[in-house]
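The values are calculated or read from the model by the stated rules, or taken from the named source; none is laboratory data. Keep in mind the model is a prediction, meaning the values are calculated, not measured. Neighbour counts run over all protein chains shown; Cβ positions are idealised from the backbone, glycine included. We work out accessible area using only protein heavy atoms, side chains counted, and drop any ligands, DNA or RNA first. Shrake-Rupley method; radii C 1.70, N 1.55, O 1.52, S 1.80 Å.
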Amino acid sequence: MNPAAVPVFLYHAVMDDPPDWIAEFTVTPRQFAAHLDAVVDSGRTPVTISALAGHLAGRAPLPPRPVLLTFDDGFADLPGPTADALAARGLPATAYLTTGAVVPGGRSLLPPAPMMTLDRAVRLERSGMEIGSHTVTHAQLDTLTPRRLRAELVDSKAVLEDALGHSVPHLAYPHGYNSPRVRAMAARAGYETATAVRHALSSGRDERYRIARLIVRRSHTVADVEAWLAGDGARIAPYRDGARTLAWRWYRRGLA
């Protein structure tokens, strides 16, 4: 067990019959319930991204052995059975919404799927879930021009703040893709943190603008979740990007 590790779980949809394109990143309600029970049984303290942000900014210490549950995109299950399962166990969480996918008439790059609507975001907050931005269209941010990048970050933030009536200081990069330029722009746009993917454990020394998360796939077992909760089974951030990550970034930029 590594006491320095902070597991930050990344979920997408929780449903029995997901569209094919998101199926790999979907867990069933039964799997999800087992994961949440493992979180409760672990003795870790569930917190939202704001608690981790406060620690990384030097404002407040983290509680002993924290764990974070995060959800990307804004699928239809989120303000319903998923939020109910979390609330039943007293587990706070953070949801990052793609505004173009949840605003009626909006446009995003996500393929068709059952999505929540923006007016349900207030209900999510009342159930104990913090709301963050997942951009407007779910674009690969590190391939965009400066103008388009700024619009993705600023416009999504403004839409959420207008709907919720308060500041939205947290961001999740679509696909986890980021770069030094993207991270700097996120800071200038007014975000206090940004989460990546990296499929790694975070820590109390992680970088505020690319917090590591563990992406939960349908093939992951309860044993995998228990290992992450114990601080095992994955690398611990911070660490430098490897050659493959950098090469993949340049390849995608070339395609864009």
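Couple of notes before you dig in:
- Residue with peak Gaussian network fluctuation, the chain [Cα springs, cutoff 10 Å], from ALA186, ALA57, ALA212: ALA57
- Per residue, the range 5-255 exposes 43 Å² of accessible surface when a 1.4 Å probe is rolled over the protein heavy atoms with every protein chain present.
- Simple label model, 7 Å out from Cα along Cβ direction - ALA230 to ARG217, nm: 2.2 nm
- Contour excess over end-to-end distance, with Cα ends at ALA151 and HIS199 and 0.36 nm allotted per residue: 14.5 nm
- For MET115, distant residues with modelled amide H under 5 Å away: ALA76
- Carbon + sulfur, % of accessible area of the chain - ligands and nucleic acids excluded, 1.4 Å: 54 percent
- P(r) of the range 5-255 over all Cα-Cα pairs, binned every 5 Å from zero, in whole percent: 1, 6, 14, 19, 21, 18, 13, 6, 1, 0
- Per-residue HN-Hα couplings for the range 78-92 [Karplus 6.51, -1.76, 1.60; θ = phi - 60°; Hz; x = Gly/Pro]: 4, x, x, x, 5, 4, 5, 5, 5, 5, 4, 9, x, 9, x
- Dipole magnitude (debye, nearest 20) for the range 5-255, charges at Cβ of Lys, Arg, Asp, Glu: 1100 debye
- In the chain, helical runs assigned H by DSSP with n ≥ 4 each contribute -39500 (n - 2.57); averaged across all residues and rounded to the nearest 500, the mean residue ellipticity at 222 nm is -10000 deg cm²/dmol.
- In this structure the amide hydrogen of ALA13, modeled in the peptide plane, comes within under 5 Å of the amide hydrogens of VAL27, none closer than 5 places in sequence on its chain.
- Gyration tensor analysis over the Cα atoms of the range 52-99 returns equivalent ellipsoid semi-axes of 25, 15, 6 Å (largest first, whole Å).
- If you plug the beta carbon distance of ALA4 and GLU24 into 1/(1 + (r/R0)^6) with R0 = 35 Å, you get a FRET efficiency near 0.70.
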